[in-house]
Structures are given as C-alpha cells and as structure tokens.
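Engineer: Attaching a single structure in structure tokens format; questions to follow.
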2 protein chains.
Amino acid sequence: MTSPVIVLVRPQLGENIGKAARAMLNFGLTELRLVAPRDGWPNPAAGPAASGADAVLDGARLFDDVAAAIADLGHVYAATVRPRGMAKPVVTPEQAVREMRAAGGRSGILFGAERSGLDNDEVALADSILTIPVNPAFSSLNLAQAVIIAAYEWHKAGAVVPPRRETRGGPPASKADYQGLYAQLEEALEARGYFRSAARKPVQIRSLRTLLQNARLTAQEIRTLRGVIKTLTWPPKP
Amino acid sequence: MTSPVIVLVRPQLGENIGKAARAMLNFGLTELRLVAPRDGWPNPAAGPAASGADAVLDGARLFDDVAAAIADLGHVYAATVRPRGMAKPVVTPEQAVREMRAAGGRSGILFGAERSGLDNDEVALADSILTIPVNPAFSSLNLAQAVIIAAYEWHKAGAVVPPRRETRGGPPASKADYQGLYAQLEEALEARGYFRSAARKPVQIRSLRTLLQNARLTAQEIRTLRGVIKTLTWPPKP
C-alpha cells in the first residue's frame, strides 16, 4: 500500500514545512512535495522545526505549480476547511483514507498556504475535497495540524484490511493522462468554435474538466475516450 | 454530553499552552487545566500562540498537582506515547472517546510536559492509559498535536457527518437521457468507421456505455456532452 503524498502549496514559513514533515513522519508518511514555497527551498527554518524528521525534508521535491506536482498521482484530495461550492465530492479524512486505500495506486493530498489556503483553480485540479470537520465557530486550523490529522487517519486505517474497489480494467488514470485528454478535447472544440466568448471559455472548460474528473476514469478509459474524440473529428465516410 | 477536560501537567512553554488551547477549540473543547506550569501563569507567550482561542486560556484553571486537578473528574486518561507496563487499560484515542461518551459525566485527559511526559506517579492517578498509535520509529509527538488528535476524535464521535456530494448542477440523468447520449455517440462513431468489425462492435459499445454510466452524470452534464459530440463532428473552422 503506497502512502499518500503530502503536497504543500505555496507554504509561507519554513518552520511550518518542518512541522508538517514531523507530523507526517509521526504517522509514517514520508513523501513531501512543495509547490512554490514563498521563501524558496531549502529553507533553514524547516530543519529545526522538523525535530528529527530530516529524511522527509531531504526527500522533499520542489514544483512550480500544482499540476506538475500531481502529474503522476491517481486520486488527489484538496484539503479545505469549508466547501467551495464546487461540483466535487466532499469527504472527511476518514472517508478519504478509506478511498485511497481501496483505490490503490499513489494518492495525494493538497494543503494550501497558511493564510489563504488553496485557491479555486488549485482545488479544481483535485478529484475530491477533504474537509476536516472542525468547530465552525473556530475553524482556523494550523497547517501542521491539518497534516497530522490526515496522517493520523491514514496510519490508523493501516490495521484494517482494505476493501479493494472492483477493478475497472486497470489502474486509475494519472493526472498527466487527464491533462492529455483535456488538451486534445479543448483544442478540437476550440477549432470548431465551441467556446462562445473569451469570458465564458474558462467556465466552460472548468465544467468539462470537472465532468471528466468526476468520472474517475482508468488509464484505459482515457485512451478509449481519446480514440473517440479523434474519430468524431473525422469527416463521415461516404 | 460534557466535553473532556484537558489537563496539561508541568507544561514548559507558554507557546505550547497557547497552541494546545487553539487545538482544543478547533474541535470544540473549552476546559483547560494547568498543573504547575514551569513559567507560571498567566504566560504572555500563550495568547499569541492561541490565535484567537483566548476564551480557553482565560478560563484555564491552575493547580499545584495532578491529584487536585482531577479531583472532580470521573474517568481520567493519561496520554502517553507508549505503555508503561502498568496494570491499567491501554486504549486508543478512539476507544477513549467512545468510553467517555458512554460513561457520561466529566472526564479528563492528562498530557505531560513537552520533554519528559507524565511521570509514573502521575500516570498512576489515571484510570486508563491513552496511547496514540504513532510510527514507532519516530514517536515524539508535539504536545499540541497530541491534544489535537484527542480533541479531533472527541469531536468526530459527536458529529455524525453524512457523506455528501456538493451539488452537481441538478438531478441525475435519467435512463432516457443516457439512451439519447448513447444513440447520438454511437451513430456518429459508426458513420466514421470506429467499429472495426461486426464481431467487435458489441464489445466496444458495451465498454463505452459502461464508461459513461460509471461517470454518474447529471441531466445537465448529458446535455453538455451531447453538445460536445455535436461540435466535434463539425469540420474545423477555416
């Protein structure tokens, strides 16, 4: 069972990166990715705050944007304190862990910047929203503490034999598979005037991507859809 | 249901007291007790670290020893990272929460000093040992993080969170909607030679229909897909 990747998006303080690494290792998670950390990377404040979880920091990988950071992952969760009115499943940490263990493959959890969290475009890249059910009257959760709750649930579920999802002809599609599908579809639609106006286009694209992402496709299904799209753009046979 | 009292025993840093207060309030716990804090009480470092959980700090009660701090409590747990070889029940946070909620009355959880934890005499005053199941190779858990896991489990057990989906723009598609989609897609593919042979065609159709059906589309999403298919069959604009 591959443990989930923890992706910190635009983290501000090196100290918080260190604390998140410590929280991860407390519950056996080791794979950390950083997207555009504000103060660069490596950050000298991270090590002391990690209190010995140096291996997690040393292995951290750096990315420019969320899309690149999750390109090789299957199911990806966006941790948010409250729902965003997006057409995505909203799950608790416990439910997310159950899903990740059932799906197999490599999953990831995105955590936003300390102050601002994830922006809507970043949330849109995830498959599901992971919401920690906090006290609504005091919901500001420290970054490392949000990480530790997810890590704790992952570790806790380890004792349980995971129910495997019925296989659908192979592993879940990676984010790179989805990006390829999106690019092909949107290019073909663009060439045919599908996007009515520059103002509407981002909304149309987001709803198409959401629709496809919610379908939880396998890599094989993505290949099938790409063949379908290609075929549809041909002229009819005489 | 009375929420458990959190008892910090000989806490060293005011900052950690503040963070513990914040962690408590994140999950709705409000009653904090301090036993012989090293730097006295109040401690000016606590407030900033509490990030707004001032009411918890303001209501904190000060005691000289553990016995006094727990005198009015029913079931008391001693949080430790590993068992102490004492003749006491050892429970996980989840089990402790279940017991506390079943027992009713007012329970408490003791957390030891940052560096040294609880000493054996202090553990002896508790009814049960609460052990957070951590990675045995990296078990040093930050004080506020131990508190937040206990608080999280308490809150979680109280909030029955129904799994929900955010609205996906309306009701699920009907079977008739799906039939219309299948007919349009298959006709367009047929006209373009997608189905290689009469023998393969039923298999290809079944896998396309399964893919679409598994996507659990809404009626609106079906309309979107039908528009996409129609557009794709047009020639590109010059």
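Engineer: At 7 angstrom along the Cα-to-beta-carbon line, where would the label on A:TYR182 sit relative to the other copies? Give the distances in nm, shortest first.
Structural biologist: 3.1
Engineer: Per-residue Cβ counts within 10 Å, from other chains only, averaged over B:27-35: what number is that?
Structural biologist: 2
Engineer: Just to verify a number: FRET efficiency for A:SER139 and B:ALA219, C-beta to C-beta distance, R0 = 30 Å, to 0.05?
Structural biologist: So, using R0 = 30 Å, E works out to roughly 0.30.
Engineer: Quick one: 3J(HN,Hα) in Hz for region A:128-137, Karplus 6.51/-1.76/1.60 with θ = phi - 60°, rounded, Gly and Pro as x.
Structural biologist: Running phi through 6.51 cos²θ - 1.76 cosθ + 1.60 with θ = phi - 60° gives 9, 9, 9, 10, 7, x, 9, 4, x, 7 Hz.
Engineer: Sort out for me the Cα centre separation of region A:36-54 from region A:165-238, rounded to whole Å.
Structural biologist: So the separation of the two Cα centres works out to 39 Å.
Engineer: Apply the Karplus curve 6.51 cos²θ - 1.76 cosθ + 1.60, θ = phi - 60°, to the phi angles in region A:26-32 and return the couplings in whole Hz, x for Gly and Pro.
Structural biologist: Coupling constants for region A:26-32: 3, 10, x, 8, 10, 9, 10 Hz.
Engineer: What is the set of long-range amide H partners of B:THR218 at a cut-off below 5 Å, with H atoms built 1.01 Å from backbone N?
Structural biologist: Residues meeting the criterion, in which the H sits 1.01 Å from N, are B:ALA173.
Engineer: Here's another thing I want to ask about it. Considering only the label points, 7 Å along Cα→Cβ from Cα, what distances in nm to one decimal separate B:VAL90 from the same position in each other copy, shortest first?
Structural biologist: Result for B:VAL90, in nm, nearest copy first: 3.9.
Engineer: Sticking with this one: Take B:THR224, A:THR218 and sort them by solvent-accessible surface of the protein heavy atoms, 1.4 Å probe, largest at the top.
Structural biologist: Reading off the accessible areas and sorting them downward yields B:THR224, A:THR218.
Engineer: Further question on the same structure: Can you list the residues, at least 5 places off or on another chain, whose amide H is less than 5 Å from the amide H of B:VAL5, using H built in the peptide plane?
Structural biologist: B:SER107, B:GLY108, B:ILE109
Engineer: Could you state the angle between the C-alpha long axis of helix A:201-214 and the longest principal axis of the C-alpha atoms of chain A, as a value from 0 to 90 degrees rounded to the nearest 10?
Structural biologist: Between helix and principal axis, roughly 70 degrees.
Engineer: Additional query: Using only the alpha carbons, work out the radius of gyration and Dmax of the protein assembly as shown in angstrom.
Structural biologist: Values for the protein assembly as shown (Cα only, Rg and Dmax): 26.3, 93 Å.
Engineer: Just how many % of Cα pairs in region B:93-238 lie over 26 Å apart, if you round to the nearest whole percent?
Structural biologist: Value for region B:93-238 (Cα pairs over 26 Å): 57 percent.
Engineer: Accessible area, 1.4 Å probe, largest first: how do A:ILE129, B:ILE70 sort?
Structural biologist: I get B:ILE70, A:ILE129, largest accessible area first.
Engineer: Another question about this same structure. I want the antiparallel fraction of DSSP beta bridges within chain B, as a percent rounded to 5.
Structural biologist: Approximately 10 percent, going by the DSSP bridge assignments.
Engineer: Give the shape of region B:93-150 as rounded, prolate or oblate, defined through the alpha-carbon gyration tensor: a ≥ b ≥ c are the square roots of its eigenvalues, a/c under 1.5 means rounded, and otherwise the shape is prolate if a/b is larger than b/c and oblate if not.
Structural biologist: It is oblate, given that a/c is not under 1.5 and a/b is not larger than b/c.
Engineer: Show that you can apply the helix-only estimate: for the protein assembly as shown, add -39,500 (n - 2.57) for every DSSP H stretch of four or more residues, divide by all residues, and state [θ] at 222 nm to the nearest 500.
Structural biologist: After summing the helix terms and dividing by the residues of the protein assembly as shown, the value is -13000 deg cm²/dmol.
Engineer: Now a separate question. Ignoring ligands, DNA and RNA, what percent of the accessible area of the protein assembly as shown is carbon or sulfur (1.4 Å)?
Structural biologist: After summing per-atom areas, the C and S share lands at 55 percent.
Engineer: I would also like to ask the following. Take every Cα-Cα distance within region A:175-232, group them into 10 Å bins from 0 onward, and report for each bin the whole-number percent of pairs it holds.
Structural biologist: 22, 54, 23, 1
Engineer: Further question: What translational diffusion coefficient, to the nearest whole µm²/s, does region A:54-114 have by Stokes-Einstein, given a Kirkwood radius computed over alpha-carbon pairs, a temperature of 37 °C and 0.692 mPa s viscosity?
Structural biologist: Rounded, D is 246 µm²/s.
Engineer: Output, in nm with one decimal and in ascending order, the distances from the A:GLY52 label point to the matching label points of the other copies (7 Å from Cα along Cα-to-Cβ).
Structural biologist: Reported distances to equivalent positions: 3.4 nm.
Engineer: Could I ask something else about it? Using only Cα atoms, find the angle between the long axis of helix B:219-232 and the longest principal axis of chain B, and express it within 0 to 90 degrees, rounded to the nearest 10.
Structural biologist: 50
Engineer: Quote the FRET efficiency, to the nearest 0.05, computed for A:VAL81 versus A:LYS230 with a Förster distance R0 of 35 Å and r equal to the Cβ-Cβ distance.
Structural biologist: So, using R0 = 35 Å, E works out to roughly 0.25.
Engineer: Can you tell me the 0 to 90 degree angle between the C-alpha axis of helix B:143-158 and the longest principal axis of chain B, rounded to 10?
Structural biologist: Rounded to the nearest ten degrees, it is 60.
Engineer: Each residue of region B:33-43 in turn: what ³J(HN,Hα) in whole Hz from Karplus with 6.51, -1.76, 1.60 and θ = phi - 60°, glycine and Pro shown as x?
Structural biologist: Listing the rounded values in order: 10, 10, 9, 6, x, 4, 9, x, 8, x, 10 Hz.
Engineer: Using a 1.4 Å probe and counting only protein heavy atoms, how much accessible surface gets buried when A and B come together, both sides summed, in Å² to the nearest 100?
Structural biologist: Answer for the A-B pair: about 5400 Å² buried.
Engineer: I would also like to ask the following. With the convex hull built on the Cα atoms of region A:5-157, state its orientation-averaged projected area in nm².
Structural biologist: 8.2
The values are calculated or read from the model by the stated rules, or taken from the named source; none is laboratory data. All values reported here derive from a predicted model rather than from experimental measurement. Here Cβ is always computed from backbone atoms with ideal geometry, including for glycine, and neighbour counts include all displayed protein chains. Note: areas computed on protein heavy atoms with side chains; ligands, DNA, RNA excluded. Shrake-Rupley method; radii C 1.70, N 1.55, O 1.52, S 1.80 Å.
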